1. Per Stokes-Einstein, at 10 °C and 1.306 mPa s, what whole-number D in µm² s⁻¹ belongs to region 113-246, with the Kirkwood radius over Cα pairs as the hydrodynamic radius?
2. For Ile195, enumerate residues with amide H under 5 Å from its amide H, sequence gap 5+ or separate chain, H modeled in the peptide plane.
3. In sequence order, what are the phi-derived ³J(HN,Hα) couplings for region 81-87 according to the Karplus relation 6.51 cos²θ - 1.76 cosθ + 1.60 with θ = phi - 60°, rounded to whole Hz, with x for glycine and proline?
4. From the phi of every residue in region 175-184, what ³J(HN,Hα) in whole Hz does the Karplus formula 6.51 cos²θ - 1.76 cosθ + 1.60 yield, where θ is phi - 60° and glycine or proline is x?
5. What are the ³J(HN,Hα) couplings of region 229-238, residue after residue, when phi is run through the Karplus curve with 6.51, -1.76, 1.60 and θ = phi - 60°? Round to Hz, x for glycine and proline.
6. Once you keep just the Cα pairs under 8 angstrom separated by 6 or more residues, what percentage relative contact order results for region 110-215?
7. Of all the accessible heavy-atom surface of region 105-246, with the other protein chains kept in place and a 1.4 Å probe, what percent is carbon and sulfur?
8. Give me, ordered by chain and number, the residues 5 or more places off Ser138 or on other chains with an amide H under 5 Å from its own placed amide H.
Amino acid sequence: MAPPIVDSGWFGKRGRGTAPAMKHRIAFYDLDKTITRAPTWTRFLVTAAWHGPRWRLAVLPVAALAALGFPLRLVDRARLKRLTHRLVIGPAVAPPHMAALASRFAARTLSHNLRRGALARIDADRAAGYRLVLATASFDFYVGAIAEALRFDDVVATAGRRSDDGDHAPGCDGDNCYGLAKLATVEAWMQRAGIARDAATVRFYSDHVSDAPTLGWADEAFAVNAHAPLRALARRRGWTLLDWRR
(Lines give C-alpha, C1' and ligand atoms only; values in the text may rest on other atoms or scores of the structure.)
Protein backbone atom coordinates (compact mmCIF):
# COMPACT_ATOMS: atom_id res chain seq x y z
CA MET A 1 0.00 0.00 0.00
CA ALA A 2 1.50 3.35 -1.01
CA PRO A 3 2.53 5.58 1.92
CA PRO A 4 1.31 9.14 2.27
CA ILE A 5 3.38 11.65 0.30
CA VAL A 6 5.38 14.12 2.39
CA ASP A 7 7.23 17.18 1.09
CA SER A 8 10.90 16.21 1.43
CA GLY A 9 11.95 19.85 1.66
CA TRP A 10 10.04 20.77 4.82
CA PHE A 11 13.12 21.12 7.10
CA GLY A 12 14.36 24.17 5.25
CA LYS A 13 10.88 25.76 5.06
CA ARG A 14 9.44 25.22 8.53
CA GLY A 15 12.32 24.69 10.86
CA ARG A 16 13.61 21.44 12.28
CA GLY A 17 11.08 19.35 14.20
CA THR A 18 7.87 20.83 12.74
CA ALA A 19 6.35 18.35 10.28
CA PRO A 20 3.83 19.45 7.65
CA ALA A 21 0.45 17.84 7.25
CA MET A 22 0.74 14.51 5.46
CA LYS A 23 -0.83 14.47 2.02
CA HIS A 24 -2.30 11.26 0.61
CA ARG A 25 -2.45 10.59 -3.11
CA ILE A 26 -5.40 8.45 -4.17
CA ALA A 27 -6.39 7.39 -7.69
CA PHE A 28 -9.91 5.96 -8.03
CA TYR A 29 -10.66 3.98 -11.19
CA ASP A 30 -14.03 2.88 -12.53
CA LEU A 31 -13.92 -0.63 -13.99
CA ASP A 32 -16.42 -1.35 -16.79
CA LYS A 33 -15.40 0.26 -20.10
CA THR A 34 -12.81 2.37 -18.30
CA ILE A 35 -10.27 -0.37 -17.54
CA THR A 36 -12.13 -3.09 -19.43
CA ARG A 37 -13.23 -2.99 -23.03
CA ALA A 38 -16.65 -4.50 -22.29
CA PRO A 39 -18.92 -4.58 -19.23
CA THR A 40 -18.15 -7.38 -16.77
CA TRP A 41 -21.46 -8.48 -15.21
CA THR A 42 -22.83 -10.30 -18.27
CA ARG A 43 -19.46 -11.94 -18.82
CA PHE A 44 -19.35 -13.07 -15.21
CA LEU A 45 -22.83 -14.59 -15.59
CA VAL A 46 -21.62 -16.56 -18.62
CA THR A 47 -18.61 -17.80 -16.63
CA ALA A 48 -20.86 -18.84 -13.75
CA ALA A 49 -23.27 -20.65 -16.08
CA TRP A 50 -20.45 -22.44 -17.90
CA HIS A 51 -18.92 -23.73 -14.67
CA GLY A 52 -22.25 -24.66 -13.06
CA PRO A 53 -24.93 -27.21 -13.95
CA ARG A 54 -25.26 -27.30 -17.74
CA TRP A 55 -28.96 -26.40 -17.60
CA ARG A 56 -27.90 -22.94 -16.36
CA LEU A 57 -26.63 -22.20 -19.88
CA ALA A 58 -30.19 -22.57 -21.12
CA VAL A 59 -31.40 -19.72 -18.89
CA LEU A 60 -28.91 -17.20 -20.31
CA PRO A 61 -31.39 -16.12 -23.04
CA VAL A 62 -34.01 -15.61 -20.34
CA ALA A 63 -31.57 -13.38 -18.45
CA ALA A 64 -30.95 -11.46 -21.68
CA LEU A 65 -34.68 -10.90 -22.06
CA ALA A 66 -34.85 -9.63 -18.49
CA ALA A 67 -32.05 -7.18 -19.32
CA LEU A 68 -34.22 -5.67 -22.06
CA GLY A 69 -36.44 -4.31 -19.31
CA PHE A 70 -33.76 -1.86 -18.21
CA PRO A 71 -33.72 0.47 -21.26
CA LEU A 72 -37.52 0.29 -21.23
CA ARG A 73 -37.44 1.45 -17.57
CA LEU A 74 -39.32 -1.64 -16.45
CA VAL A 75 -36.57 -2.59 -14.03
CA ASP A 76 -33.79 -0.61 -12.29
CA ARG A 77 -30.12 -1.62 -12.18
CA ALA A 78 -30.22 -3.13 -8.69
CA ARG A 79 -33.30 -5.25 -9.45
CA LEU A 80 -31.86 -6.36 -12.78
CA LYS A 81 -28.72 -7.56 -11.02
CA ARG A 82 -30.83 -9.48 -8.51
CA LEU A 83 -32.98 -11.10 -11.22
CA THR A 84 -30.08 -12.17 -13.44
CA HIS A 85 -28.07 -13.39 -10.44
CA ARG A 86 -30.96 -15.63 -9.33
CA LEU A 87 -31.60 -16.92 -12.85
CA VAL A 88 -28.04 -17.74 -13.84
CA ILE A 89 -26.01 -18.21 -10.64
CA GLY A 90 -28.75 -19.42 -8.34
CA PRO A 91 -30.31 -18.46 -5.00
CA ALA A 92 -27.37 -19.60 -2.84
CA VAL A 93 -23.68 -20.02 -3.68
CA ALA A 94 -21.14 -21.22 -1.13
CA PRO A 95 -18.18 -18.83 -0.65
CA PRO A 96 -15.52 -21.33 -1.88
CA HIS A 97 -17.43 -21.87 -5.14
CA MET A 98 -17.91 -18.12 -5.65
CA ALA A 99 -14.20 -17.51 -4.97
CA ALA A 100 -13.30 -20.14 -7.59
CA LEU A 101 -15.63 -18.50 -10.13
CA ALA A 102 -14.14 -15.08 -9.38
CA SER A 103 -10.60 -16.40 -9.83
CA ARG A 104 -11.45 -17.95 -13.22
CA PHE A 105 -13.22 -14.81 -14.31
CA ALA A 106 -10.37 -12.52 -13.25
CA ALA A 107 -7.90 -14.61 -15.26
CA ARG A 108 -10.12 -14.41 -18.33
CA THR A 109 -10.66 -10.67 -17.86
CA LEU A 110 -6.91 -10.05 -17.70
CA SER A 111 -6.28 -12.07 -20.83
CA HIS A 112 -9.20 -10.87 -22.99
CA ASN A 113 -10.86 -7.70 -21.70
CA LEU A 114 -8.38 -5.01 -20.60
CA ARG A 115 -7.37 -1.75 -22.24
CA ARG A 116 -3.62 -1.28 -22.66
CA GLY A 117 -3.91 2.43 -22.05
CA ALA A 118 -5.58 1.78 -18.71
CA LEU A 119 -2.83 -0.61 -17.64
CA ALA A 120 -0.17 1.93 -18.56
CA ARG A 121 -1.90 4.67 -16.57
CA ILE A 122 -2.39 2.38 -13.55
CA ASP A 123 1.33 1.59 -13.60
CA ALA A 124 2.19 5.29 -13.87
CA ASP A 125 -0.04 6.25 -10.93
CA ARG A 126 1.42 3.44 -8.84
CA ALA A 127 4.96 4.60 -9.67
CA ALA A 128 4.00 8.17 -8.70
CA GLY A 129 2.94 6.97 -5.24
CA TYR A 130 -0.84 6.95 -5.67
CA ARG A 131 -2.96 4.58 -3.62
CA LEU A 132 -5.00 2.71 -6.23
CA VAL A 133 -8.68 2.11 -5.51
CA LEU A 134 -11.09 0.34 -7.85
CA ALA A 135 -14.45 2.13 -7.54
CA THR A 136 -17.19 0.31 -9.42
CA ALA A 137 -20.86 -0.60 -9.42
CA SER A 138 -19.88 -4.21 -10.13
CA PHE A 139 -20.26 -6.75 -7.34
CA ASP A 140 -17.51 -7.09 -4.76
CA PHE A 141 -17.52 -10.90 -4.89
CA TYR A 142 -15.80 -10.91 -8.29
CA VAL A 143 -14.26 -7.43 -8.47
CA GLY A 144 -11.90 -8.25 -5.61
CA ALA A 145 -10.16 -10.92 -7.67
CA ILE A 146 -9.68 -8.51 -10.59
CA ALA A 147 -8.38 -5.78 -8.29
CA GLU A 148 -5.90 -8.18 -6.71
CA ALA A 149 -4.64 -9.34 -10.09
CA LEU A 150 -4.16 -5.71 -11.18
CA ARG A 151 -2.39 -4.93 -7.87
CA PHE A 152 -4.92 -2.38 -6.66
CA ASP A 153 -4.69 -1.42 -3.00
CA ASP A 154 -8.41 -1.28 -2.21
CA VAL A 155 -11.88 -1.80 -3.67
CA VAL A 156 -15.09 0.25 -3.48
CA ALA A 157 -17.87 -1.82 -5.03
CA THR A 158 -21.48 -2.90 -4.75
CA ALA A 159 -21.72 -5.28 -1.82
CA GLY A 160 -23.41 -8.56 -2.65
CA ARG A 161 -26.02 -9.88 -0.26
CA ARG A 162 -25.28 -12.83 2.03
CA SER A 163 -27.75 -15.29 3.52
CA ASP A 164 -27.86 -16.02 7.25
CA ASP A 165 -25.53 -19.00 6.77
CA GLY A 166 -23.00 -16.96 4.77
CA ASP A 167 -23.84 -18.05 1.23
CA HIS A 168 -23.86 -15.51 -1.60
CA ALA A 169 -27.46 -14.59 -2.39
CA PRO A 170 -29.02 -12.49 -5.17
CA GLY A 171 -29.21 -8.77 -4.59
CA CYS A 172 -27.28 -5.88 -3.09
CA ASP A 173 -26.40 -5.41 0.55
CA GLY A 174 -27.08 -1.68 0.59
CA ASP A 175 -27.04 0.65 -2.39
CA ASN A 176 -25.95 -0.21 -5.89
CA CYS A 177 -22.63 1.68 -6.12
CA TYR A 178 -23.73 3.88 -9.01
CA GLY A 179 -24.14 7.63 -9.54
CA LEU A 180 -24.52 9.54 -6.28
CA ALA A 181 -24.32 6.26 -4.36
CA LYS A 182 -20.79 5.72 -5.69
CA LEU A 183 -19.67 9.09 -4.34
CA ALA A 184 -21.25 8.29 -0.95
CA THR A 185 -19.52 4.90 -0.92
CA VAL A 186 -16.16 6.46 -1.83
CA GLU A 187 -16.55 9.04 0.95
CA ALA A 188 -17.45 6.26 3.41
CA TRP A 189 -14.34 4.35 2.36
CA MET A 190 -12.19 7.42 3.04
CA GLN A 191 -13.72 7.75 6.49
CA ARG A 192 -12.98 4.10 7.29
CA ALA A 193 -9.43 4.59 6.02
CA GLY A 194 -9.03 7.60 8.29
CA ILE A 195 -8.28 9.98 5.42
CA ALA A 196 -9.74 13.48 5.63
CA ARG A 197 -10.77 14.91 2.27
CA ASP A 198 -8.57 17.99 2.70
CA ALA A 199 -5.60 15.73 3.49
CA ALA A 200 -5.76 13.99 0.12
CA THR A 201 -5.17 14.69 -3.54
CA VAL A 202 -7.74 12.64 -5.43
CA ARG A 203 -7.86 11.50 -9.03
CA PHE A 204 -10.90 9.82 -10.54
CA TYR A 205 -11.16 8.02 -13.88
CA SER A 206 -14.48 7.06 -15.50
CA ASP A 207 -16.06 6.48 -18.89
CA HIS A 208 -19.66 7.38 -18.00
CA VAL A 209 -21.63 10.51 -17.17
CA SER A 210 -23.29 8.67 -14.26
CA ASP A 211 -20.00 9.22 -12.42
CA ALA A 212 -20.28 13.01 -12.75
CA PRO A 213 -20.79 13.45 -8.96
CA THR A 214 -17.51 11.70 -8.17
CA LEU A 215 -15.66 13.31 -11.07
CA GLY A 216 -16.77 16.73 -9.80
CA TRP A 217 -15.68 15.86 -6.25
CA ALA A 218 -12.18 14.81 -7.33
CA ASP A 219 -9.23 17.19 -7.57
CA GLU A 220 -8.33 15.75 -10.97
CA ALA A 221 -11.13 14.35 -13.12
CA PHE A 222 -10.42 12.16 -16.14
CA ALA A 223 -13.19 11.35 -18.63
CA VAL A 224 -11.94 8.16 -20.24
CA ASN A 225 -13.27 6.73 -23.51
CA ALA A 226 -16.11 9.17 -22.97
CA HIS A 227 -19.48 8.80 -24.64
CA ALA A 228 -21.09 11.97 -25.98
CA PRO A 229 -22.84 13.17 -22.77
CA LEU A 230 -19.68 12.78 -20.69
CA ARG A 231 -17.50 14.36 -23.38
CA ALA A 232 -19.75 17.42 -23.48
CA LEU A 233 -19.82 17.70 -19.68
CA ALA A 234 -16.06 17.28 -19.46
CA ARG A 235 -15.52 20.15 -21.89
CA ARG A 236 -17.84 22.39 -19.88
CA ARG A 237 -16.23 21.45 -16.57
CA GLY A 238 -12.62 21.43 -17.72
CA TRP A 239 -12.05 17.72 -17.05
CA THR A 240 -9.24 15.96 -18.88
CA LEU A 241 -10.30 13.73 -21.78
CA LEU A 242 -8.37 10.47 -22.27
CA ASP A 243 -8.86 7.87 -24.99
CA TRP A 244 -7.67 4.33 -24.26
CA ARG A 245 -9.67 2.68 -27.05
CA ARG A 246 -6.84 2.66 -29.59
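The values are calculated or read from the model by the stated rules, or taken from the named source; none is laboratory data. Worth saying up front: this structure is predicted, and the values here are computed from it rather than measured. Backbone-built Cβ (ideal geometry, glycine too); neighbour counts: all protein chains shown. Just so you know, the surface numbers come from the protein's heavy atoms only, side chains and all, with ligands and any DNA or RNA stripped out. Shrake-Rupley method; radii C 1.70, N 1.55, O 1.52, S 1.80 Å.
1. Estimated diffusion coefficient is 100 µm²/s.
2. Distant-sequence amide H within range of Ile195: zero hits.
3. After applying 6.51 cos²θ - 1.76 cosθ + 1.60, I find 4, 5, 4, 5, 4, 4, 5 Hz.
4. Working through the residues one at a time gives 6, 5, 6, 9, x, 4, 5, 5, 4, 4 Hz.
5. Rounded to whole hertz, the list is x, 6, 4, 5, 5, 4, 5, 5, 8, x.
6. Details: 113 pairs, mean separation 20.4, N = 106.
The normalised contact order for region 110-215 reaches 19 percent.
7. Details: 2970 of 6350 Å².
After summing per-atom areas, the C and S share lands at 47 percent.
8. Under 5 Å from the amide H of Ser138: Thr158.
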